[in-house]
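Here the structure is laid out as structure tokens; the discussion comes afterwards.
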Amino acid sequence: MRPILPINKSEILKRYKPINPNTHKGIQGHALLIGGSYGKIGAISLASKACLKTGCGLVSVFVPRCGYKIIQTAVPEVMVLNDVSVKYITRIVFDFVPNAIGIGPGMGQDIETHTALHRFVKTNKVPLVIDADGLNILSQNKQWLTFLPEKTIFTPHQKELERLIGQWDSIADKIEKTIAFSKQNNLIMVMKGAPTFIIDGDTIYENTTGNAALATAGTGDVLTGMITSLLAQSYDPIDAAILGVYLHGLTADIALPETGYQSFIASDCIANIGKAYLSLEK
Ligand SMILES: NC(=O)C1=CN([C@@H]2O[C@H](COP(=O)(O)OP(=O)(O)OC[C@H]3O[C@@H](n4cnc5c(N)ncnc54)[C@H](OP(=O)(O)O)[C@@H]3O)[C@@H](O)[C@H]2O)[C@@H](O)CC1
Ligand SMILES: Nc1ncnc2c1ncn2[C@@H]1O[C@H](COP(=O)(O)OP(=O)(O)O)[C@@H](O)[C@H]1O
Ligand SMILES: [Mg+2]
């Protein structure tokens with residue numbers, strides 16, 4: 001049995017960086033979130049709002065044209081760039097250097113989006129979080145994994161993980177296969193579930209926050225925004241992953257007495273990020 005390190009409050013306090021009173025939005029990090037497609041703009045909208053609420057100074061979003069007005073209306077604090085195509089992403093272009101990029105939520109898997117992702121990963125040097133359709137496309141094009149910056153963070157749920165590493169026959173086998181994949185590609189793997197494990201090479205962490213209220217659409221999209229935000233705020237990739245997963249679970253633990261399991265939705269995660277941060281300082 002390999003040792004498993006619990007992600008608890010004392011572990012978090014070793015990594016958490018309280019805000020500098022003299023900071024300003026220009027040094028709080030600029031994150032870029034890329035994703036969305038017709039009918040799934042909600043995913044990238046949730047991710048971008050969560051990114052802001054996790055403390056990033058500036059957040060930009062790259063969406064297909066159908067997402068432009070939706071994001072500007074739903075999250076006015078976010079800056080919006082759009083693709084030439086209406087329904088899905090075909091060519092990712094932006095004229096600034098973000099501190100971190102999160103890509104994949106709601107992005108879809110159109111063949112033109114495959115091409116856009118290929119071009120993007122071939123040239124990108126910015127620290128990266130990849131989720132959802134970003135992972136689904138990569139799992140069909142594993143030769144592109146060599147282009148990724150070291151310690152890129154993958155956030156697969158069970159099905160997305162299976163698409164990347166293949167089937168497993170036990171929990172131990174699943175962990176060994178994920179460790180091998182992490183080492184082979186120099187990636188941080190956030191294995192979402194109940195509980196979530198984080199694998200960084202041979203090191204395994206197990207989260208201690210969160211509950212079944214999180215079993216609802218969009219909570220993974222929120223997590224992507226939160227981890228991208230922390231990465232843009234200069235946390236090391238492993239610290240961004242650990243702190244993001246812990247705070248995300250904490251939002252559900254804090255909300256539970258008011259929402260119960262059933263009526264909790266992904267927006268309740270976002271609404272409780274502030275209380276989750278405050279609980280670290282108690
Ligand atoms: N509002 C929006 O715009 C939203 C948009 N979204 C976007 O939609 C896109 C598709 O993403 P997706 O995750 O729904 O589809 P997909 O990868 O086929 O996985 C689904 C299948 O995987 C399984 N499965 C999943 N979790 C599991 C678990 N914990 N444990 C075990 N199994 C698990 C389960 O399979 P089953 O058990 O049925 O075989 C399930 O049927 C993507 O871009 C995403 O960002 C969503 O974020 C929602 C909100
Ligand atoms: N029963 C559960 N207990 C704890 N966490 C859960 C549970 N079910 C889901 N989650 C968490 O909710 C999130 C779901 O992510 P994901 O499946 O990608 O959702 P979506 O794609 O709809 O945003 C993950 O962080 C996962 O760990
Ligand atoms: Mg997801």
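Would you be able to say whether some residue in segment 109-124 is among the small types (Gly, Ala, Ser), assigned to a strand (DSSP E or B) and modelled with pLDDT of 95 or more? There is no residue in segment 109-124 that is among the small types (Gly, Ala, Ser), assigned to a strand (DSSP E or B) and modelled with pLDDT of 95 or more. Residues of segment 1-60 that are within 16 Å of ligand 3 (Cβ to nearest atom), in a loop (DSSP other than H, G, I, E, B) and in contact (Cβ under 8 Å) with a residue 12 or more places away in the chain: GLY35, GLY36, SER37, LYS40. Set side by side, the residues TYR277, TYR261, TYR246 differ, and just one is surrounded by 22 or more Cβ atoms within 10 Å (Cβ to Cβ) and not aliphatic (A, V, I, L, M), which is TYR246. For segment 61-76, a residue qualifies if it is in a loop (DSSP other than H, G, I, E, B) and out of contact with any strand residue (DSSP E or B) (no Cβ under 7 Å at 6 or more places or on another chain), and the qualifying residues are VAL75, PRO76. So in segment 134-186, with the set limited to residues that are within 12 Å of ligand 1 (Cβ to nearest atom) and touching a residue at least 40 places away in the same chain (Cβ under 8 Å), which one is nearest to the chain's Cα centre (by Cα)? Taking the candidates together, the pick is THR155.
Listed by first and then second residue, the pairs linking a residue in segment 72-100 that is under 11 Å from PHE62 (Cα atoms) and surrounded by fewer than 15 Cβ atoms within 10 Å (Cβ to Cβ) to a residue that is acidic (Asp, Glu) and modelled with pLDDT of 95 or more, with Cβ atoms under 7 Å apart and 6 or more places separating them unless they lie on different chains, are ARG91/ASP83. Scanning segment 255-270 for residues being assigned to a helix (DSSP H, G or I) and free of Cβ contacts under 8 Å to residues at least 60 places away in the same chain gives a total of 6.
Residue-level analysis places MET226 outside the set of residues that are within 16 Å of ligand 3 (Cβ to nearest atom) and either in contact with a strand residue (DSSP E or B) (Cβ under 8 Å, 6 or more places away or on another chain) or of a type in the set (Gly, Ala, Ser) (or both).
Within segment 141-166, track down each residue that is surrounded by fewer than 19 Cβ atoms within 10 Å (Cβ to Cβ), closer than 25 Å to THR219 by Cβ and not aliphatic (A, V, I, L, M). Those that are surrounded by fewer than 19 Cβ atoms within 10 Å (Cβ to Cβ), closer than 25 Å to THR219 by Cβ and not aliphatic (A, V, I, L, M): HIS157, GLN158, LYS159, GLU162, ARG163. Taking only segment 17-39 into account, find how many residues are farther than 15 Å from GLY102 by Cβ and surrounded by 18 or more Cβ atoms within 10 Å (Cβ to Cβ). Looking only at that region, the number is 2. When residues in segment 115-150 are screened for being of a type outside the set (Ser, Thr, Tyr) and farther than 15 Å from PRO237 by Cβ, 21 of them pass. Consider segment 203-221 and keep the residues that are of a type in the set (Val, Ile, Thr) and more than 11 Å from ligand 3 (Cβ to nearest atom). The one that is nearest to THR155 (Cα to Cα) is ILE204. Identify, please: which residue in segment 202-235 is surrounded by fewer than 23 Cβ atoms within 10 Å (Cβ to Cβ) and among the charged types (D, E, K, R) and is, among those, nearest to ligand 2 (Cβ to nearest atom)? Among residues in segment 202-235 that are surrounded by fewer than 23 Cβ atoms within 10 Å (Cβ to Cβ) and among the charged types (D, E, K, R), the one nearest to ligand 2 (Cβ to nearest atom) is GLU206. Among residues of segment 22-43 being aliphatic (A, V, I, L, M) and within 8 Å of ligand 1 (Cβ to nearest atom), the one that is nearest to ASP110 (Cα to Cα) is ILE41.
The values are calculated or read from the model by the stated rules, or taken from the named source; none is laboratory data. Nothing here was measured: the structure is a model prediction, and the numbers come from that model. We place every Cβ from the backbone using ideal geometry, glycine too, and count neighbours over all the protein chains shown.
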